[in-house]
Each structure stands twice: as structure tokens, then as C-alpha cells.
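Report on the following structure.
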Amino acid sequence: MLIEHSHGGFKVIKVMDLDNDTDADLIVGGGGYLVWHENDGQLQFTEHIIIEDFDDTNSAEAVDMDGDGDMDIVASAFGYYYQYLGDVSWFENDGAQNFMKRTIDSDIQGANSVLVEDFDRDGDLDVAAGAWLHREIVLYENTGNQVFVKHVFTDGFEYPYALDSVDMDGDGDMDILGATDDFRGSSESNELAWYENNGTFDFPKHLIEMNMMESVVSKREIWMVMAIWISPVRVLIPA
């Protein structure tokens, strides 16, 4: 079944019931746009534009950011041209699926791979993202009412481009698992590492693997490499 879509350059697709009518809608992004496709319950979809000037949308998560019972969207834009002037924002749902952009950070070069978790376990949702050109992982602490304080991790993690959140050490809080991609096909700076949540927003880095043969560019590939790394025989299997 073909779903009509008026934009090109797909980089994001998520499935979520955005309008609380118990069927699966779609969030789609890429290029400079972010849209959602409303499912009428019969698998007929209507496209709704969220934003059309969000430069190079590359990740999105649907969550209830403000706790008002409807689904909002948190997204990253990598940015165009040499400067890669990226953006991390959340889009507030007014309850009728009209989305208002709320900027979290417009000074993040090469923003990618947003995560949304209650990292400090204070009852609200924090946001993390990779900053590819800044060569940083950035965590935005939600201090309440979606007011964010920026924390930056800069310990030699070159060109972060894939992040995921998981309780790596089983201590009850969410850590950050990340991989890098230097975009040049070189393995010299490709790393797989996890950042330990110690409750103070320090997140010390633990290296898992470096100088990987191939760049890692998605959450699926992070877990593929992790599965290989922890297996008895460490063999990198081509995808």
C-alpha cells in the first residue's frame, strides 16, 4: 500500500498514535521538513506538516514532554552547508495535533540522534543528542516546565552520530551508549563507548571498542556491534 508523501529525502520514520485514536500514525522527516501522517483507522493516511524549515531532520522521538496527556515530538536537525548549524527542539502538541516549535538548542553543530529519558530521575524528561561537528555529546537537563540546562561531554569522542539510552550497569538509571562516524570511511577515529550516569551529570566515558572496521550510523548497528563484542568470539560480520 502506497502512502502519499509530498516531501523527499527520508531520514526519520516513527510509528506512534499521535492523536490518541488507538491507531498507528507516522512521523516522517528528512531534508528540511518534519510531518506526520494521520491514520483514519482504515490505513488511509493524511499528511500534516509540522515544520518545513528544520534543516536536515535526522532523528525524532514522540513523547509527552509536558505531561499534559498528549504526544509531543522531540527532534534534531543536522544543519546544512559547511557550518552544519543544527537544532534540537521539541514540538508541543496543543491537543489537536497543532505543533508549536520550542527550541532547546540552536547552537549545536551537526545535531543528531536525540534521546528522551528522565536521566536524573526527578520526574520530568531530559534530552540528549550528539553534536557531530562539535565532537560532543550534549545532555539537556530539564529543571522543570521544559527549562533546560546544557551539559557537555567532550572527552575525545570524535564525531558522535548514533546514540541510545540503556541501563548498562544495572543500577536503575539510564546511561548513554554511543558510536562515532567520521564520514571519511576511516576506522581510525570510530569508537563505541558508553557513558555512565552517576547521578551528577558527569557521565564518565567507558570505551568498548575503537578503530572499528566500519562506521556505525544507527541504533540497530550499535546493538549489532555490541552483540558481536560481548560474544565469545569477536568477529565483525559484514551487514
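The values are calculated or read from the model by the stated rules, or taken from the named source; none is laboratory data. These numbers were taken from a predicted model, which means no experiment stands behind them. Ideal geometry is used to build each Cβ from the backbone, glycine not excepted, and the neighbour counts take in all protein chains shown. Just so you know, the surface numbers come from the protein's heavy atoms only, side chains and all, with ligands and any DNA or RNA stripped out. Shrake-Rupley method; radii C 1.70, N 1.55, O 1.52, S 1.80 Å.
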Checklist entry - Can you tell me which residues in the range 1-28 are among the aliphatic types (A, V, I, L, M) and open to solvent by 50 Å² or more (accessible area, probe 1.4 Å)? => result Met1, Leu2, Ile3, Ile13, Val15, Met16
Checklist entry - Across the range 29-78, which residue is least open to solvent (accessible area, probe 1.4 Å) among those that are within 14 Å of Asp17 (Cβ to Cβ) and aromatic (Phe, Trp, Tyr)? => result Trp36
Next on the checklist: Considering only the range 167-189, I want to know if a residue exists there that is open to solvent by less than 10 Å² (accessible area, probe 1.4 Å), under 27 Å from Glu52 (Cβ atoms) and at pLDDT 95 or above.
Outcome noted: no
Item to check | Selection count, the range 23-51, where residues are without any contact (Cβ under 8 Å) to a residue 24 or more places away in the chain and under 12 Å from His7 (Cβ atoms) | outcome: 2
